[in-house]
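Data first, discussion second: the structure below is written as structure tokens.
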Number of protein chains: 2
Amino acid sequence: MRIKLVVSYDGTKFCGWAAQPGLRTVQGTLKEAVRQISGEDCEITGASRTDSGAHAKGQVCHFDSPVPIPSERWARVLNKILPDDLAIVRSTLVSAGFHARFSAEDRTYRYRISTAPRDPLLSRYVCDFGRPLDVDLMRLGAEHLVGTHDYVAFTEELDSGVLNTTRTLHRISIVHKPKEVAIEITGTAFLRGMMRRISGGLLEVGRGYRPMEEISMLLTERRSSLQLPVVLPAKGLCLHRIRYANPPRDHRESASRLAE
Amino acid sequence: MRIKLVVSYDGTKFCGWAAQPGLRTVQGTLKEAVRQISGEDCEITGASRTDSGAHAKGQVCHFDSPVPIPSERWARVLNKILPDDLAIVRSTLVSAGFHARFSAEDRTYRYRISTAPRDPLLSRYVCDFGRPLDVDLMRLGAEHLVGTHDYVAFTEELDSGVLNTTRTLHRISIVHKPKEVAIEITGTAFLRGMMRRISGGLLEVGRGYRPMEEISMLLTERRSSLQLPVVLPAKGLCLHRIRYANPPRDHRESASRLAE
């Protein structure tokens, strides 16, 4: 019986999603909680490996329940033992062909930049920039980034052996509020650090450090003579939601033609 | 040269406002920061002694600057050395008659109760109740609390030797949002624990544990046979703002007729 969990966390005190021995991670904490309830070890498979310090409102994972607990009750029993900074939003029964990562249609991340003076009640969730940004320029820059491109200039992925750095971004909105600028991006999949580097590049454009035209040059000239965009801190990043088709795509048919 | 500071903090990691030896407090942290800049000890006098774990967007304090730094620069230099969970919103020059506590006209606190499932990204700032509340009943109960009353049933102050437990509340609004109910109260001054007990009493009314009529009975029958309202956790509480007349009231003339 496969269970899908929608998971929310404040990433400040987690060393990211992916389980690592001796470190407090979201995946490791969830795995231990499921083990406490069922008495058995089981694999927790996540949709996105969020960075150390990054947050999530709608991370998704799945596991094969070792005990016959009704799917919707998993959220309740897990929430009783999970720490304050981690919660299950929803637990549902899914077919055996559902895979949190490979069945996903797209992912939406949001990066928040504070343009106001540092606010201690927000500081865990935003990058503190503290000055106004030219949002129109940022929007023009963002337009160049939408579509299917080689995002090699926006990742450190090359160092970790990933060869295909082409991805598709469907939509980038720059949300302008009185005290912050938020960059919301929906794409099929993201490279390591990509969201934080894209946000860094757009911040450089918005503050006048980088001509807007350089954004498209970064896409076409690969690791050229241009300075790479700065990587913004993880605390401003939040995995907002992961969308699945209804019914979800069966990963056993599609996994072969997908790569994250 | 007297400086007024408007101060914001995430109270989670502070043992309240008031300096205590060996504990991390807001007052102690500010005092140490001023000492680092000026090289001299000085007293920091706050408007409200917020509880351990309670937050502030607009706490106010004053100190007599031992060095000739322009008043508006104090915010900038202090913010450079203050920790992430504490910031100066504004620093201004005030007259020698200004007193953060005794010149204050009124104080506004907000208590947030979450009516949605526990959200790790909000959990530091709300009381997690997790179910709907009858907001109309809460509003009726709140009406009884406005005015000048003996709030002895809403404080533990008696134990600390305070004899006069009469205070004046100008306004109580119950703000109803999709996922939370916030209780915002403006009053001249508050007793110890008063805001958290009033919120507790209104929560009891809103969830159907206490008849609405008992709120006024708590005001008139003092510590009667009625069960006292529950004290809600400090983390849901935020000191929103402190209002001063323009120009501020000179405390040397008015301190004698005021008591917090």
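Summary of computed values
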{"quantity": "Some residue of the stretch B:60-79 being out of contact with any Pro (no Cβ under 8 Å at 6 or more places or on another chain), away from chain A (no Cβ under 12 Å), among the hydroxyl-bearing types (Ser, Thr, Tyr) and part of a helix (DSSP H, G or I)", "calculated": "yes"}
{"quantity": "Test: B:Tyr111 is of a type outside the set (D, E, K, R), over 30 Å from B:Pro247 (Cβ atoms), at pLDDT 95 or above and in a strand (DSSP E or B)", "calculated": "yes"}
{"quantity": "Top-ranked residue of the stretch A:15-44 - restricted to ones that are in a loop (DSSP other than H, G, I, E, B) and in contact with a Ser or Thr (Cβ under 8 Å, 6 or more places away or on another chain), ranked as surrounded by the most Cβ atoms within 10 Å (Cβ to Cβ)", "calculated": "A:Trp17"}
{"quantity": "Selected residue (only one of A:Gly187, A:Gly161, A:Gly208, A:Gly200 is loosely packed, with under 14 Cβ neighbours inside 10 Å and modelled with pLDDT of 95 or more)", "calculated": "A:Gly208"}
{"quantity": "Selection within the stretch A:25-41 - more than 14 Å from chain B (Cβ to nearest Cβ) and not aliphatic (A, V, I, L, M)", "calculated": "A:Thr25, A:Gln27, A:Gly28, A:Lys31, A:Glu32, A:Arg35, A:Gln36, A:Ser38, A:Gly39, A:Glu40, A:Asp41"}
{"quantity": "Residues satisfying the stated conditions in the stretch A:1-14, i.e. under 14 Å from the mean Cα position of the chain (by Cα) and either part of a loop (DSSP other than H, G, I, E, B) or away from chain B (no Cβ under 14 Å) (or both)", "calculated": "A:Asp10"}
{"quantity": "B:Ser91 being among the polar types (S, T, N, Q) and surrounded by fewer than 17 Cβ atoms within 10 Å (Cβ to Cβ)", "calculated": "no"}
{"quantity": "Residue check for A:Pro247: surrounded by fewer than 12 Cβ atoms within 10 Å (Cβ to Cβ), over 14 Å from the mean Cα position of the chain (by Cα), on the phi < 0 side of the Ramachandran plot and in contact (Cβ under 8 Å) with a residue 12 or more places away in the chain", "calculated": "yes"}
{"quantity": "All positions within the stretch A:83-93 that are in contact with a strand residue (DSSP E or B) (Cβ under 8 Å, 6 or more places away or on another chain), at the interface with chain B (Cβ under 9 Å from one of its Cβ atoms) and more than 12 Å from B:Pro117 (Cβ to Cβ)", "calculated": "A:Asp85, A:Leu86"}
{"quantity": "Test: residue in the stretch A:175-184 that is without any contact (Cβ under 8 Å) to a residue 24 or more places away in the chain and part of a helix (DSSP H, G or I)", "calculated": "no"}
{"quantity": "Condition broken by A:Ala189, with the remaining ones in (1) within 18 Å of the chain's Cα centre (by Cα); (2) within 21 Å of A:Ala54 (Cβ to Cβ); (3) free of Cβ contacts under 8 Å to residues at least 60 places away in the same chain satisfied", "calculated": "(3)"}
{"quantity": "Evaluation of A:Glu143 against (1) at pLDDT 95 or above; (2) crowded, with 19+ Cβ neighbours inside 10 Å (one fails), failing number", "calculated": "(2)"}
{"quantity": "Residue satisfying all of: in the stretch A:102-137; in contact (Cβ under 8 Å) with a residue 24 or more places away in the chain, within 14 Å of another protein chain (Cβ to nearest Cβ) and in contact with a Cys (Cβ under 9 Å, 6 or more places away or on another chain); nearest to A:Gly53 (Cα to Cα) among these", "calculated": "A:Tyr125"}
{"quantity": "Residue in the stretch B:46-56 that is within 12 Å of chain A (Cβ to nearest Cβ) and surrounded by fewer than 15 Cβ atoms within 10 Å (Cβ to Cβ) present", "calculated": "no"}
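The values are calculated or read from the model by the stated rules, or taken from the named source; none is laboratory data. All values derive from a computational prediction rather than experimental measurement. Using ideal geometry, Cβ is built from the backbone for each residue, glycine included, and neighbour counts are taken over all protein chains shown.
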